[in-house]
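Throughout, read-outs are computed from the coordinates displayed, never taken from laboratory work. Since this is a predicted model, take the numbers as computed values, not measurements. Every residue, glycine among them, receives a Cβ derived from its backbone with ideal geometry; neighbour counts consider all protein chains shown.
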Amino acid sequence: MRYLFLISHGDFAPGLQSAVEMMVGEKEDLKSASLRNGESTVDFGEKFNKLLDQLQDDDELILMCDILGGSPLTTALACLSDYNKIDKTLVITGMNMPLAITAMTMKDNIDDMEALKDMLLFEGKESISEFKISTEVVDDDDEI
């Protein structure tokens with residue numbers, strides 16, 4: 001099985017998991033863990049290890065995190081190393097909702113992790129844009 005794990009500072013990862021599940025339904029292969037204010041990296045590592053305990057030897061993992069170099073990512077990578085899962089893990093930083101939805105809907109449709117990585121990186125970048133709001137006055141008779 002291929003899993004998607006979301007990790008973050010604060011409540012971002014569990015919140016993103018909840019939002020993604022609103023769009024794609026609850027999934028057993030979507031998990032999250034977060035480093036909350038006042039918790040140590042040891043606390044976070046224990047939570048992350050509980051997620052890793054659910055994996056089988058041949059399972060693959062897409063790990064998405066909020067920022068590169070943060071404590072959740074460095075701690076998760078240490079845990080993955082302890083579980084000998086580094087070689088079966090694709091790590092993507094700077095997660096957002098369109099990226100997570102695409103990962104959930106496409107992860108089992110693309111066998112090649114390199115191709116999946118390319119698609120996810122493209123999706124993540126494409127989902128960031130400026131939305132311009134028009135300040136023109138619209139008459140009631142004009143179509144919007």
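Need the list of lysines near K117 for cross-linking: C-alpha distance under 23 angstrom, and skip anything on the same chain fewer than eight residues off.
Partners within reach: K27, K31, K85, K88, K107, K125.
Counting each DSSP H run of 4 or more residues in the chain as -39500 (n - 2.57), what helix-only mean residue ellipticity at 222 nm follows after dividing by all residues, to the nearest 500 deg cm²/dmol?
Working: 5 runs with 61 residues, N = 144.
Calculated mean residue ellipticity at 222 nm is -13000 deg cm²/dmol.
Just to confirm the filter: which GluC sites (Glu not before Pro) across region 32-124 are DSSP coil and have at most 15 other Cβ within 10 angstrom of their Cβ?
E39
Going by average Cβ density within 10 Å per residue, which order do the peptides 87-93, 24-30 take, highest to lowest?
Going by the mean number of other Cβ atoms within 10 Å, highest first, we get 87-93, 24-30.
How far, in degrees from 0 to 90, does helix 41-52 lean away from the longest principal axis of the Cα atoms of the chain, to the nearest 10?
90 degrees
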